[in-house]
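Engineer: Dumping the structure here so I can ask a few things about it.
The values are calculated or read from the model by the stated rules, or taken from the named source; none is laboratory data. All figures in this text were calculated on a predicted structure; none of them were measured in a lab. All Cβ positions, even for glycine, are placed from backbone atoms using ideal geometry, and neighbour counts span all protein chains on display. All accessible areas refer to the heavy atoms of the entire protein, side chains included, with ligands and DNA or RNA removed. Shrake-Rupley method; radii C 1.70, N 1.55, O 1.52, S 1.80 Å.
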Amino acid sequence: MASSGCPLRGNKTESRPLRSENGEVLNPRNMMPEMPQTPAASQSIDLKKDREVSSIPKTGESGNWVYPSPQQFYHALLRKNKEAEAEAMDDVVYAHNVTNERSWKAILDWEKLHAKSCPSQKKRIGRQRNRTSYRTPSLLRFVGRQKDLSWGGWWSKTLSYRGVPFDRHDWFVDRCGERTVRYVIDYYDDSKAGDAEDLQITVEARPAIDSAGDLLDRLRRPGWQLRRMWAAFFGGGGRGQ
């Protein structure tokens, strides 16, 4: 996700704007500057400027995170000195958006462990009075950490045919206003992923062990750990994502 598309940590925002080494003003939610919608000097074709709204609630706001347009994504790749082919941007953005939706789905599977602890409120919905509405988790912020190999990434590098993840994100999730939880997400190029869209990408999301409660959550899902190990050796990590 881009400047209004994906997130970072910390509930407090500094009074002075965050700046990159080049002096760019950074969005504290994703540590990225606002990407322009104007063509780059290097691109050979016009790119779409439409942005897709995600299914991921944005902490502190009524709407959801918004994914970058193909034009913004092209600028983001250039900024990171990555290979950017204008002709492929529609497909690249599609894969990016699908992968982020998978990430959020995986996080919600973990958050179901705490569904009953989320505060609820009574409200009238149409003709139904006093219907219980449970607050849902939301994404506060995120940060890319491609160069920081997680323990899971290290084990994959050592033992799995997948090797190292091609990317890593840390997402900071607001658990219904009760607590901010950090999730570590590794993204693997995986020819045996078996994902429905045939992107050949496996998403591995889990709570970081930042507290005893996080460790307990890991232990409460032994089936997830077994499926994770199976996928690392034999594939199929993208099925059901």
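Engineer: Would you check which residues across the stretch 195-235 are assigned to a loop (DSSP other than H, G, I, E, B), in contact (Cβ under 8 Å) with a residue 40 or more places away in the chain and closer than 16 Å to SER160 by Cα and list them?
Structural biologist: GLY235
Engineer: With the structure loaded, tell me whether ASP186 is under 24 Å from ASN64 (Cα atoms), in contact with a Ser or Thr (Cβ under 7 Å, 6 or more places away or on another chain), open to solvent by less than 10 Å² (accessible area, probe 1.4 Å) and of a type outside the set (Phe, Trp, Tyr) or whether it fails that test.
Structural biologist: yes
Every residue, every condition in (1) touching a helix residue (DSSP H, G or I) at 6+ places or on another chain (Cβ under 6 Å); (2) within 19 Å of ARG29 (Cα to Cα), yes or no:
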position: LYS48; (1), (2): yes, no
position: ARG51; (1), (2): no, yes
position: SER54; (1), (2): no, yes
position: THR59; (1), (2): no, yes
position: TYR67; (1), (2): yes, yes
position: TYR74; (1), (2): yes, no
position: LYS82; (1), (2): no, no
position: GLU85; (1), (2): no, no
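Engineer: Could I ask something else about it? Could you figure out which of (1) closer than 24 Å to VAL173 by Cα; (2) among the aliphatic types (A, V, I, L, M); (3) out of contact with any Gly (no Cβ under 8 Å at 6 or more places or on another chain) isn't true of VAL203?
Structural biologist: It fails just one condition, (3).
Here is a yes/no grid of residues against (1) crowded, with 20+ Cβ neighbours inside 10 Å; (2) touching a Ser or Thr at 6+ places or on another chain (Cβ under 9 Å); (3) at pLDDT 95 or above:
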{"position": "ALA86", "(1), (2), (3)": "no, yes, no"}
{"position": "ASP90", "(1), (2), (3)": "no, no, yes"}
{"position": "ASP109", "(1), (2), (3)": "no, no, yes"}
{"position": "HIS114", "(1), (2), (3)": "no, no, no"}
{"position": "ARG131", "(1), (2), (3)": "no, no, no"}
{"position": "THR136", "(1), (2), (3)": "no, no, no"}
{"position": "ARG162", "(1), (2), (3)": "yes, yes, yes"}
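Engineer: May I ask you to verify whether THR99 is among the hydroxyl-bearing types (Ser, Thr, Tyr), at pLDDT 95 or above and farther than 21 Å from TRP65 by Cα?
Structural biologist: Against the criterion (among the hydroxyl-bearing types (Ser, Thr, Tyr), at pLDDT 95 or above and farther than 21 Å from TRP65 by Cα), THR99 does not qualify.
Engineer: Step by step: first the residues of the stretch 56-90, then only those that are without any contact (Cβ under 8 Å) to a residue 24 or more places away in the chain and of a type in the set (A, V, I, L, M, F, W, C), then the one that is nearest to LEU108 (Cα to Cα). Which residue is that?
Structural biologist: By that ranking, first place goes to LEU77.
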